[in-house]
Amino acid sequence: MKKLMILGASYSQLPLYQAAKDLGVSTIAASTKGDWPGFEAADFRAYADISKPEEVLRAAREFQAEGIATCCVDAGVRSLGYACEELGLPGLSKEAGEKSSNKYKMKEAFVKAGVRCARHICIRSREELEEALIKLGLPVVLKAVDLMGSRGIFRCDTKEEARSRYWDTMAATGKDYCLVEECIEGKLMGCEALMENGKLLYCLPNNTLAFESAVSTPIGHSVPYENQDALGEEVKRQVCLAIKALGLDNCPVNCDLMEKDGKIYVIEITGRAGATCLPEIVSLLYDVNYYEVIARLALGMPVAPFFEKKGKWRAVLARTLLSQESGTVKAIHNENPAAPDLIQLSFNIRPGEEVRRYQNGRDRIGQVILAGDSLSQCEKRLKQVLDKISIEFTQ
């Protein structure tokens, strides 16, 4: 029986464990110690900090992993590339993993390869911040280069805000530098893709719904891309340039983009599948189990045939469920009957658990996925579904 090491053991990785199990593959859950659901789903436990390449390599050797995979989180991408190259396994190269996990190295690679992206300046002091603000103008985005999600990232509309947030950014990062970026104010969107042996197997632009806080964070995705006819080919061109810039191959690809004035800007790209139901959207559009595809690819099994045709659904919409208030859950009321177009409606909270008013992805309480013939149809159904859900809190 083949052995697949999965980096991460949280809720978002559970479908990958199940897909590997359905393939008849033995799984090794790699994560720090804790009450992680992936530990229960896996055949073996490897206690390792997935952000540390040497720990992952040591665990992969100890358990004789024949493939290494992850999904939905950035923390293990650098380690995945490092271990795969050291062990001669299918997957990211060490260099691609490094560039995917360091926003400064990523942006430098973008500029060199001609990828359209925001102007950026690397700074190591308050004095360099002042110089960067003069060169870039306002607003700007301060970015820790080594953190995932929205951590260590702040939009700053004034110099005073930038000066204050600089210290927050430097306190969060493990580096002695950070980025100051031009703030491109446009429409956030994304793209999922997959590379196998140098070939792009599919490219799926998607609409992104963002929660606006210190920085925008995705709370939903949908397809088809609303500007596919006008900008679909430009999205593909920029994504392909970014893939080449980082050297991504034999991996899923997740890309954050910005659409502004008829142009596509690449914000970030990485060698793993996206979160917020993006693997489920790919699965529905191509009538595949995308988590199975990820597992197969990591084990060196061919996956190109999975993307030779699309499935029956023409539109898919996924939305994170969130709470508008904080408190202890007393009861969850869901009056939605089963329906063919209601692909998934799930909650990751239970009565008695604490819920926080939504601020970022760690505050999610569940998700809903709908499919149909058009986006407008899916959006109408979403309202109907949400109207039949309520959460009761203890007083």
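Only bridges with both residues in the chain count here: give the DSSP antiparallel percent, nearest 5. Don't skip to the answer; put the middle values down first.
Values: 64 of 76 bridges.
Percent antiparallel among DSSP bridges in the chain is about 85.
Rounded to the nearest 20 debye, the dipole magnitude of the chain is 260 debye, with +1 charges on Lys and Arg beta carbons, -1 on Asp and Glu beta carbons, and the Cα centre as origin.
Specify the inter-centroid distance of the range 126-201 and the range 1-72, based on alpha-carbon positions, in whole Å. The two parts, judged by their Cα centres, are 31 Å apart.
Computed with a 1.4 Å probe over protein heavy atoms only, the accessible area of PHE154 comes to about 30 Å². Normalised per residue, the accessible area of the chain is 46 Å², obtained with a 1.4 Å probe and no contribution from ligands, DNA or RNA.
With each label modelled as a point 7 angstrom along the Cα→C-beta vector, the TYR177-ASN336 pair spans 4.6 nm.
Couplings 3J(HN,Hα) for the range 304-309, derived from phi with the Karplus relation 6.51 cos²θ - 1.76 cosθ + 1.60 (θ = phi - 60°), are 3, x, 5, 10, 7, 8 Hz, where x marks Gly and Pro. Across the range 68-75, coupling constants 3J(HN,Hα) worked out from phi with the 6.51/-1.76/1.60 Karplus curve, θ = phi - 60°, read 9, 9, 8, 7, 6, 10, 8, 4 Hz, and Gly and Pro carry x.
Among LYS107, LYS244, the sequence by solvent-accessible area, most first, with a 1.4 Å probe is LYS244, LYS107.
With the whole protein complex present, GLU128 retains an accessible surface near 70 Å², based on a 1.4 Å probe.
Measuring with a 1.4 angstrom probe and ignoring ligands and nucleic acids, ASP35 comes out at about 150 Å² accessible. Remark: accessible surface ordering of TYR358, TYR265, TYR47 (largest first) is TYR47, TYR265, TYR358, probe radius 1.4 Å.
Give the long-range amide H neighbours of ASP249: residues separated by 5 or more places, or on another chain, with amide H under 5 Å away, using H modelled in the peptide plane at 1.01 Å from N. So ASP249 has HN proximity to SER93.
Computing the accessible area with a 1.4 Å probe over protein heavy atoms, can you report the carbon and sulfur percentage for the range 94-252? Answer for the range 94-252 is 49 percent, counting heavy atoms of protein chains only. Against the criterion of solvent-accessible heavy-atom surface with a 1.4 angstrom probe, ASP287, ASP363, ASP373, ASP249 sort, most first, into ASP287, ASP373, ASP249, ASP363.
Would you count, across the range 273-394, every pair of lysines whose alpha carbons are under 28 angstrom apart, provided the pair is eight or more residues apart or spans two chains? Close lysine pairs under the 28 Å cut-off: 9. Simple rule: put +1 on each Lys or Arg Cβ and -1 on each Asp or Glu Cβ in the chain, find the dipole, and look at ILE134, GLY327, ASN254; the Cα lying farthest toward the positive end is ASN254.
Shown in residue order for the range 316-324 are the 3J(HN,Hα) couplings computed by the Karplus curve 6.51 cos²θ - 1.76 cosθ + 1.60 at θ = phi - 60°: 9, 10, 10, 9, 6, 8, 9, 9, 8 Hz (x for Gly and Pro). The lysines within cross-link reach of LYS187, meaning a Cα-to-Cα straight distance under 18 Å and a gap of 8 or more places when in the same chain, are LYS236, LYS260, LYS263. Between the entries (i) 73, 42, 40; (ii) 57, 46, 45; (iii) 57, 51, 47, the label attached to Cα extents along the principal axes in Å calculated for this structure is (iii).
The values are calculated or read from the model by the stated rules, or taken from the named source; none is laboratory data. The shown structure was predicted, so the numbers you read here are calculated from the model rather than taken from an experiment. Backbone-built Cβ (ideal geometry, glycine too); neighbour counts: all protein chains shown. Each accessible area value is taken on the protein alone, full model and side chains, heavy atoms only, with ligands, DNA and RNA left out. Shrake-Rupley method; radii C 1.70, N 1.55, O 1.52, S 1.80 Å.
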